[in-house]
Amino acid sequence: MTRILDIESLTKGFTLHHLGNELETFNNISFSLDAGEFVLLKGANGAGKSTLLRTLYRSYLPRAGKVRFQSSHGEIDLACAADVDVAHIRKTELGFVTQFLTARPRVSAEAIVAEPLRQASVATDEALDEAREALQVFGVKPDLWKAYPTTFSGGEQQKVNLARELILPRKLLLLDEPTASLDAKAREALVTRLKALKDGGTAMIGVFHHPDDVLHLIDRIVDLTPEYTHSEERSDVAL
Amino acid sequence: MTLTLDAPRIITTKPLLRIENVSKSYGDVRAVRNVSAHAFPGEVLGIVGESGSGKSTLLRIMNLEELPEEGTYHLDMDNTPEAYSGNLFEMDRFARRMLCATRIGIVYQNPHLGLLMKHSSSGNVAERLLVAGERSFANLRAKAKDALDASEFPLERMDAPPAQLSGGMQQRVQLAKAIALEPALLLLDEPTTGLDVSVQALVLDTLKRLQQDRQITMVIVSHDLGVIRTLADRVMVMRRGEVVETGLSDQIFQDPQHPYTQQLVHAKL
C-alpha cells in the first residue's frame with residue numbers, strides 16, 4: 001500500500017494566557033495511514049479526538065512531533081510547514097469535513113459547493129454542473145440550489161457542507177462527526193460517497209458519535225484514551 | 001510552547017510582496033518597528049490590530065505613499081521591468097508614482113482619498129487607464145465599463161459622480177479604479193468600515209469573487225475580525241508597530257498563541 005501519512009509523537013496543549021495556565025490535550029500520538037485506509041478515532045469526551053483532527057489540519061499548532069504527509073509535491077511535515085504551503089495543500093489534497101457550513105452572505109448553495117472545484121481550476125460551468133449533482137445526491141431540493149444557505153435550516157446547511165467538502169477527491173480527509181443530526185437519506189448518501197472516495201484511494205481519519213454509521217468502512221481504530229494510546233484494533237472488535 | 005514553523009517552503013517559494021525590516025516614525029512616535037511581511041501570489045493577507053498598531057501605516061508604505069527610515073521592499077511580478085526590480089524604496093519619485101498607478105491598486109476607507117468626487121465614476125476609472133497610456137476614448141470607456149461591471153457597479157449609473165452615490169457604491173468605484181489595470185497587488189484599507197451590514201456583505205462578496213476569478217494578491221487591513229476571517233488566507237497581528245503573530249487565518253482565530261492575539265480574538269462579539 002502507498003503510505004500517505006506518518007504521525008510521530010504528536011503532542012498538543014493550549015496556553016491560556018489570561019488564566020496563566022496550560023491545558024494538556026494529548027501526548028506522543030503516533031500512527032500511520034495508507035492510501036484508501038479509514039481510521040476511526042475513539043476515546044471519551046475530552047480525549048482530544050477533534051483536537052487531533054484540527055492539529056493535523058493545522059488549525060491548531062502542535063507542541064511537538066511530526067505529521068509527515070506525502071503530497072504531490074513530495075513529503076511535507078504539516079506540523080512545522082510554512083503556512084502558505086499548508087494553505088496550498090488544503091486547497092488540493094487535504095480536506096476537513098465537519099457538520100457545520102461556513103456560509104457567506106449572498107453566495108448561492110451551488111456556488112459554495114462548486115468553490116473547491118473552481119479553486120482547483122475547473123471551468124465555472126463544469127464546476128456548477130458537478131455542484132448541482134452533488135446537491136442532488138445529498139438530498140438538497142433543486143429550488144434551493146440558487147438560494148443563499150445563510151437562511152437554510154441546520155440540516156440543509158449540513159447537506160450543502162457535505163456536498164462541498166466531498167466534491168473534490170483528496171488524498172486525505174479528516175472527518176469530524178459529519179453524520180451528526182443528518183437524516184437517513186443524507187447519511188446513506190454520505191456513506192456511499194465516502195466509500196467511493198475510499199475505493200479511489202482517499203485515506204480518512206474520522207471521529208463519529210455513532211460509528212455504526214460507517215462500520216463497514218473502518219479498517220483500524222486508534223484509541224486516544226491515555227492508557228490505550230498507540231493501540232490499534234481491527235474493525236471487528238467491539239466499538 | 002509550540003513548534004517553530006521552520007520547514008522550508010516546498011510549494012510556494014517566491015513571495016510576490018517582500019518587505020523586510022521596515023521601520024517608520026512620526027516625530028517621537030515609532031509607528032512601525034522592524035516589520036517584515038510576505039504576501040504570496042494569489043493569496044489574501046489580512047492585517048489586524050487595535051487602532052494605532054501601525055497597520056494602516058504599513059499599508060501606505062506598501063503603496064509607497066510613505067517611505068520608511070529603514071527597510072527594503074520588493075515586488076516580484078510577472079515580467080518585472082528592470083526599473084522595479086530593486087528595492088522599491090530607493091526608486092525616484094516618478095518611478096514610484098508610475099509603479100503605484102499601474103501595478104498596485106488601493107481602496108481606502110475614505111473614498112475622498114481615492115476618488116475625485118465631482119468627476120463621473122467612469123471618468124475616475126478612466127483616469128487610471130490614462131496614466132497607463134490609453135488614449136482612445138472608445139477604449140477608455142469600454143475598459144472603465146468592464147472594471148465597473150467586474151466590481152458589480154450598476155452600469156446605468158457609471159456617469160454619475162461619486163458625490164451622488166452611496167458609500168457602498170463609492171467603494172465599488174474605488175475598487176473598479178484599483179483593478180482597471182489588473183494590478184499585481186491590491187491593497188484594501190478598511191474597505192467596509194462605515195458601511196451598513198448588508199452593503200458590507202455585498203462588498204465582501206465582490207472582493208472574494210474578484211480574488212477567486214482573477215487570483216489577485218491582496219493585502220487587507222481591518223479592525224473587523226469578521227471581515228478578515230471571511231477574506232484572508234493568512235493573518236498578521238500587529239500591536240504597537242510590531243508584528244506579534246502570523247498564521248493561517250483559522251489558526252489565528254482558533255488557536256492564537258500570543259497573549260495579545262488571544263485577547264483580541266476573545267474580545268470579538
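The values are calculated or read from the model by the stated rules, or taken from the named source; none is laboratory data. Only a predicted model underlies this, so the values are computations on that prediction, with no experimental measurement involved. We place every Cβ from the backbone using ideal geometry, glycine too, and count neighbours over all the protein chains shown.
Just need a number here: residues in the range B:115-153 that are assigned to a loop (DSSP other than H, G, I, E, B), in contact (Cβ under 8 Å) with a residue 24 or more places away in the chain and of a type outside the set (Lys, Arg).
First, pick out the residues of the range B:115-153 that are assigned to a loop (DSSP other than H, G, I, E, B): B:115-120, B:132-136, B:151-153.
Retained after the next criterion (residues that are in contact (Cβ under 8 Å) with a residue 24 or more places away in the chain): B:115-120, B:132, B:151-153.
With of a type outside the set (Lys, Arg) added as a condition, the list becomes B:115-117, B:119-120, B:132, B:151-153.
The total comes to 9.
In the range A:165-191, which residues are more than 12 Å from the chain's Cα centre (by Cα), assigned to a helix (DSSP H, G or I) and touching a residue at least 12 places away in the same chain (Cβ under 8 Å)?
Listed by number, the residues that qualify are A:Lys185, A:Ala186, A:Arg187, A:Ala189, A:Leu190, A:Val191.
Among the numbered criteria (1) part of a loop (DSSP other than H, G, I, E, B); (2) surrounded by 17 or more Cβ atoms within 10 Å (Cβ to Cβ), which single criterion is violated by B:Glu182?
Unmet for B:Glu182, out of (1) part of a loop (DSSP other than H, G, I, E, B); (2) surrounded by 17 or more Cβ atoms within 10 Å (Cβ to Cβ): (2).
Out of the residues in the range A:1-41 that are charged (D, E, K, R) and within 11 Å of another protein chain (Cβ to nearest Cβ), which is nearest to A:Pro178 (Cα to Cα)? Can you show your working first?
In the first step, residues of the range A:1-41 are kept if they are charged (D, E, K, R); the result is A:3, A:6, A:8, A:12, A:22, A:24, A:34, A:37.
From what's left, within 11 Å of another protein chain (Cβ to nearest Cβ): A:12, A:22.
Numbers: A:Lys12: 23, A:Glu22: 30 Å.
Of everything passing the filter in the range A:1-41, A:Lys12 is nearest to A:Pro178 (Cα to Cα).
Against the condition within 14 Å of another protein chain (Cβ to nearest Cβ), in a loop (DSSP other than H, G, I, E, B) and crowded, with 20+ Cβ neighbours inside 10 Å, how does B:Pro15 come out, does it pass? Break it down into steps so the answer makes sense when it comes.
Details: within 14 Å of another protein chain (Cβ to nearest Cβ): yes; in a loop (DSSP other than H, G, I, E, B): yes; crowded, with 20+ Cβ neighbours inside 10 Å: yes.
Spelling it out, B:Pro15 is indeed within 14 Å of another protein chain (Cβ to nearest Cβ), in a loop (DSSP other than H, G, I, E, B) and crowded, with 20+ Cβ neighbours inside 10 Å.
Need the failing condition index for B:Leu195 against (1) over 18 Å from A:Ala103 (Cβ atoms); (2) at pLDDT 85 or above, just the number.
Going through the list (1) over 18 Å from A:Ala103 (Cβ atoms); (2) at pLDDT 85 or above, B:Leu195 breaks only (2).
Out of the residues in the range B:230-262 that are at the interface with another protein chain (Cβ under 8 Å from one of its Cβ atoms) and part of a strand (DSSP E or B), state the one that is nearest to the chain's Cα centre (by Cα).
B:Arg234
Answer yes or no as to whether B:Arg209 is in contact with a helix residue (DSSP H, G or I) (Cβ under 8 Å, 6 or more places away or on another chain) and assigned to a helix (DSSP H, G or I). Before the answer, list the steps.
Working: in contact with a helix residue (DSSP H, G or I) (Cβ under 8 Å, 6 or more places away or on another chain): no; assigned to a helix (DSSP H, G or I): yes.
Against the criterion (in contact with a helix residue (DSSP H, G or I) (Cβ under 8 Å, 6 or more places away or on another chain) and assigned to a helix (DSSP H, G or I)), B:Arg209 does not qualify.
Restricting to the range B:212-228, and then to whatever is part of a loop (DSSP other than H, G, I, E, B) and farther than 20 Å from B:Glu182 by Cα, can you tell me which residue is farthest from the other protein chains (Cβ to nearest Cβ)?
By that ranking, first place goes to B:His223.
Of all residues in the range B:178-207 being closer than 18 Å to B:His112 by Cβ and among the small types (Gly, Ala, Ser), which is farthest from the other protein chains (Cβ to nearest Cβ)?
The qualifying residue farthest from the other protein chains (Cβ to nearest Cβ) is B:Ala178.
Only residues in the range B:202-224 that are of a type in the set (Asp, Glu) count as the first member; pair them with residues that are surrounded by fewer than 23 Cβ atoms within 10 Å (Cβ to Cβ) and not in a helix (DSSP H, G or I), Cβ under 8 angstrom, at least 6 apart or cross-chain, and list the lot.
B:Asp205/A:Arg104; B:Asp205/A:Pro105; B:Asp205/A:Arg106; B:Asp205/A:Val107; B:Asp224/B:Glu190; B:Asp224/B:Thr193
For B:Asp6, indicate whether it is assigned to a loop (DSSP other than H, G, I, E, B), of a type in the set (Asp, Glu) and within 14 Å of chain A (Cβ to nearest Cβ).
On the way: assigned to a loop (DSSP other than H, G, I, E, B): yes; of a type in the set (Asp, Glu): yes; within 14 Å of chain A (Cβ to nearest Cβ): yes.
So B:Asp6 passes the test.
Identify the single condition in (1) at pLDDT 95 or above; (2) more than 14 Å from chain A (Cβ to nearest Cβ) that B:Ala37 does not satisfy, given that it satisfies every other one.
Every listed condition holds for B:Ala37 apart from (2).
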